[in-house]
Each structure stands twice: as structure tokens, then as C-alpha cells.
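Inspection log for the structure reproduced underneath, given as C-alpha cells.
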Amino acid sequence: MLKPRDAVLSIPQIPQLTSGRSGICLDLNENTAGCSPRVLAKLRSLTTADVSLYPERATVEAVVATHLGVRPEELLLTNGVDEAILLLFSAFLGPGDEALYPVPTFPMYPICSAAAGARTVEMATDRDFRFPAAALRAAITPQTRMIAVANPNNPTGALAPRKELLAILESAPHSAVLVDEAYYEFSGETMLGELPRFPNLFVARTFSKAYGMAALRVGCLLGAAGHMDAVRRLAPPFNVNGLALACLPEALADGEFVSSCVIAVKRERARLDAAFSKYGIRTWPSHGNFVLADLGKWHAEFTAELAKEGIHVRDRGADPACAGCVRITIGTSAEMDRLYSALPGVLQRTGWHVAV
Ligand SMILES: Cc1ncc(COP(=O)(O)O)c(C=O)c1O
């Protein structure tokens, strides 16, 4: 009888989005302010040929490479960072190998590690969500072939100190080290400049977050040309769709859109911290476009009650070390105002002690 590989059956199912996702969506760390008007204008100007012909990735790859200051051979455009992770893990991990990453973190790492048949080694963080640098380094073995660090991390918003990342790169020359910079625009911290020094370093960037193009599905993976050649062999030739490719140069040309969104997110993030602390709700310092908040035993009710108000946030209470935690994406100031006006009633209904 036909049966999928055991490694695949071990992967937990991720709930699919359904049509219920309308209203104020503060649950998936998108840019709720939208995308650059230049991207929308480009989409509206597309021709029949733009839709009917297979897309050319390489020409746009050259544009993105120039923008990021790398050579085109060092960059692969992917169907979001999700695909970058899948390709990278498939290229470097196999049965008997180990993939090492701190938890809580982005769920694609365990999925892609299991898909490759590798053993996952998860390093738990403490409740401060500080990067477990020493434990990670101590867990490196000759079998380690992949170390993945989301920086800033999702769902915590924490940054791994640069010197710790450098120490890991130095300690594991036999392992790929992925620094997933999906939220780079908000943190301003990057390892990209270290690519020439470390052939084991890979950096991932996305256009789903600050650029506001999550539905177009485009991101990129950067690494040493020789290793990227291996990853490129695995990549489907038309993995990035033509609409995304047409829009990318427009998105890159509108740096002002991205920087104004980043400024707004930082302002609103500080406002959220202050608003939540008024009610005695702990939040953790975040370097992304989201904040993790501790709703204690009320996390599920809090999420459900906010949803009734048309405001969707993400219950992360089941993540390691995240008991009671809810992740809230930073929306526009109007959306955040709606959240703050719903907050007293929601907290009261969930039983949270309303302190003011
Ligand atoms: C750390 C991290 N990496 C990657 C992704 C996925 O990005 P993309 O939309 O480019 O697939 C996310 C999305 O939430 C993320 O949080």
C-alpha cells in the first residue's frame, strides 16, 4: 500500500487560512498599511503576455542583487522565505544529519528539517527569550548540518547578538548557518556583510513584511556563490511568479514607502507596550513588526474575544516557553486605536483584572 515517508507523517499540520480572516488582521505579521502605490500601479498595467508567458527570474535577480550589494550568483529569488528554507534545508540536510535551532521560533525550520529526514535539536530559551548562545554552541556536533536563527526571532521579537552569531559561524564551519532576516527592515541588523568571510552563512530576506507584498510570495536567499549553485539546482525554474517579478523593481525603487512604514511600526509598537503595561500585561521588547504579550491563563479567551470584535491576533500559548502568550502584529494607528478601544471590554469579559 502506498504510504508517505514516516518523516513526512511526523510533521504537524499547519492550520490553513480560511475565508473567516477579515476585519483587522494582526495575526500574521503582514504590513497592514499595504504596499507601495508603485507596486499597485505596476500590477494594474500588466499585459496578457505578462500573464501567459513563463516568468524570467534571472533579470530581476540581478536588480535585487544590485540593490543588496551582492553578486547575482550569490542570490536566489524564492517563493517567499518559506521556499528559501525548504530549498536550503533540502540542499544541505539528509537522514542522520542534525538541524539545530532555538525555540520558540518560526515553524518552517522543524517542518523542513523533518521533510529532509534529519534529526531536529531544539534549544529552549528562558522566559526572557534571550538567545541561548552558549547552549546552541555546546549542541553543535559533527552531524550538525543546519543551524537556523530567525533574527529578529518570531514570535518573540528578540535579537541574537551579532558576536554570538559570529561565534556560531566560527564554531560550525561544517554546517550551514541560516540567519533569517524576514524582519530586517524593522531591526536594521544584518549579517549580509559577513557573506565574504563565512562560506557557511546564508541570509534570507522577504518582501512579505515591510514591503507589504505577502500575497505575491517573494523572498530571497543569499549565500556563497558555490553553495547557492547547489540550492539553485533544486529550485523549480519558475518558482517566483511573473506578477511578483514585475513588481519587485518598483518595490525596491520606493524606499520611502518602506522607511515610512518602519517609522510608523516603531511608533505604534511603543504605544502598544505602553497601552498593555497600563493593564499590567507584560510585553517583551520587540525588534519586529509584532509584540508578544503575556495574557496568562486568559490567552485563548482573549484571542477569541478580540476576534468577536473583528480583531485577529495570534494565540502562541502552545509554543515552547510561551505559555499564556499572544502575538500581536503592529497595525496602522487607526487599527491600533480600534484595538485599544476594544481592550477594556475584552479584558473584562475574559476575567483579566482591569487595573484602571
Ligand atoms: C522568521 C520568519 N521567516 C520567514 C517567514 C516567511 O516569510 P515569507 O512570507 O517570505 O515566506 C516568516 C513569516 O512570518 C517569518 O516570521
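What the table shows:
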item	result
Spin-label zone in the range 1-41 - amide nitrogen under 17 Å from a point set 7 Å from the Cα of Ala318 along the C-beta vector	9-18, 28
The range 113-179, relative contact order in percent, only Cα pairs under 8 angstrom and at least six apart counted	34 percent
Theoretical gain in end-to-end length, Ala274 to Thr66 [0.36 nm per residue, Cα-Cα removed]	70.9 nm
Calculated FRET efficiency for the pair Arg119/Glu73, C-beta based, R₀ 51 Å, to 0.05	0.95
Carbon + sulfur, % of accessible area of the range 66-145 - ligands and nucleic acids excluded, 1.4 Å	55 percent
Rough spin-label spacing in nm, given labels placed 7 Å along Cα→Cβ, for Arg267 and Leu43	2.5 nm
Stretch gain in nm, segment Ser22-Asp128, where the contour uses 0.36 nm per residue and the Cα spacing is subtracted	34.9 nm
Under 28 Å from the Cα of Lys297 - lysines, other chains or at least 8 residues apart	Lys278, Lys308
Stretch gain in nm, segment Ile11-Ala334, where the contour uses 0.36 nm per residue and the Cα spacing is subtracted	112.4 nm
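The values are calculated or read from the model by the stated rules, or taken from the named source; none is laboratory data. In this text, all values refer to a predicted model and were calculated from it rather than measured experimentally. Backbone-built Cβ (ideal geometry, glycine too); neighbour counts: all protein chains shown. Areas reflect the complete protein model, heavy atoms only, side chains present, ligands, DNA and RNA absent. Shrake-Rupley method; radii C 1.70, N 1.55, O 1.52, S 1.80 Å.
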